[in-house]
Each structure stands twice: as C-alpha cells, then as structure tokens.
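Everything below concerns the one structure shown next.
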Amino acid sequence: MSQQGNVVLQQTPDGGEVTVSVGLIEMSGGLETDAYLSLFGGNEDYDGGADTSADFWGNIGAKTEINKHVSRTQNLLKALPATTANLLRVKEAVKLDLSWFIEHKIASLVEVVVTMPVLNKIQIDVRIEARGAEHSFNFTENWKAVT
C-alpha cells in the first residue's frame, strides 16, 4: 500500500514520535511536520552562527541556506532561562525558523503565539495560511535550560 504526505510527528517530552496503526504510519498532507522539523529538527547545540561545528548532520547535503534546519528555537530553549522575559526571544526564533514558508512562497501568512502555560514548559501556537487553506497547530515543549 502506498502512503502519501508527510509523516505526522507528535511532540513528546523526549522528541518527536510517530503513530503506527494497523502497520501503517500516520501521514498528513498538512504543514505541521514541516513546522515541527523547522523548530526542533536540527541540532539543539547549533545556534545558526558562523561556527558550524555543531551543525545538524542532515544539513550536509543542503544546497542553499534556506534548505537547512537550524532550529534556533530548540537552541534557545536549551540556552535561555525559562522566564516570561525570554518569551519574546523565543517567539522571534520561531518566526525565523518558519520564515522559509514565506520566502519559498509556500505560505502567504505565518502567525506565531508563544506562551508559558506552566513552569518550565513553552507552548508555541502556529497558524499558517497556504494556498487558501489555514493550518493551525501547537507544540508544547519542555524548556530545557537550567535556571
């Protein structure tokens, strides 16, 4: 049996998980997996700077910078203390990690809301308008920085 679309990744405390039902991996035609990989698919030790020694191994074959997963969001959640004052910095990282949707003209709008629902957790709500369809999803992640 042929499956189409992207593998659906569910956010868990230790990373992304897939759902298998009746021997098939859950798939989606939406943009959630692309957004998830943009935010959490790189190396959390790489901040996107000039020192690429901690760059994500999957970026080796990328032909342009826009095709690389940097995951600045993931990096900041490890580097910054979990405070409400740092929510704006994380929000800017999320926007930067998702900017390729606009740059590649995949989407006409990307909106981001970042909140801290409980201590040491962050919730990222994303709304993307692409080709007349709206895609909304959220990711709840542990804030990993030691405070």
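Condition test on Asp97, is it surrounded by 13 or more Cβ atoms within 10 Å (Cβ to Cβ) and modelled with pLDDT under 65?
Numbers: surrounded by 13 or more Cβ atoms within 10 Å (Cβ to Cβ): yes; modelled with pLDDT under 65: no.
The answer is no for Asp97.
Taking the stretch 117-128, which residues are hydrophobic (A, V, I, L, M, F, W, C) and modelled with pLDDT of 95 or more? Even if it seems obvious, please write down each step before you answer.
Let us first name the residues in the stretch 117-128 that are hydrophobic (A, V, I, L, M, F, W, C), namely 118-119, 122, 124, 126, 128.
Correct list: Ile124, Val126, Ile128.
Please identify the pairs in which a residue from the stretch 110-132 that is farther than 17 Å from Asp97 by Cβ has its Cβ atom under 9 Å from the Cβ atom of a residue that is of a type in the set (Lys, Arg) and surrounded by 12 or more Cβ atoms within 10 Å (Cβ to Cβ), counting only partners at least 6 apart or on another chain.
Asn120/Lys144
Go through Asn75, Asn86, Asn67 for me and flag whichever is modelled with pLDDT under 90 and surrounded by 13 or more Cβ atoms within 10 Å (Cβ to Cβ). Steps first, please.
Numbers: Asn86 fails: modelled with pLDDT under 90; Asn67 fails: surrounded by 13 or more Cβ atoms within 10 Å (Cβ to Cβ).
After ruling out the rest, the residue left standing is Asn75.
Can we say Ile102 is assigned to a helix (DSSP H, G or I) and either at pLDDT below 80 or loosely packed, with under 14 Cβ neighbours inside 10 Å (or both)?
No.
Pairs please, first residue from the stretch 84-96 and more than 12 Å from Val112 (Cα to Cα), second anywhere and assigned to a helix (DSSP H, G or I) and at pLDDT below 95, Cβ atoms under 8 Å, 6+ apart in sequence or on different chains.
Matching pairs, first to second residue: Asn86/Leu76; Arg89/Leu76.
The values are calculated or read from the model by the stated rules, or taken from the named source; none is laboratory data. All figures in this text were calculated on a predicted structure; none of them were measured in a lab. Please note: Cβ atoms are built from the backbone with ideal geometry, for glycine as well, and neighbour counts cover all protein chains shown.
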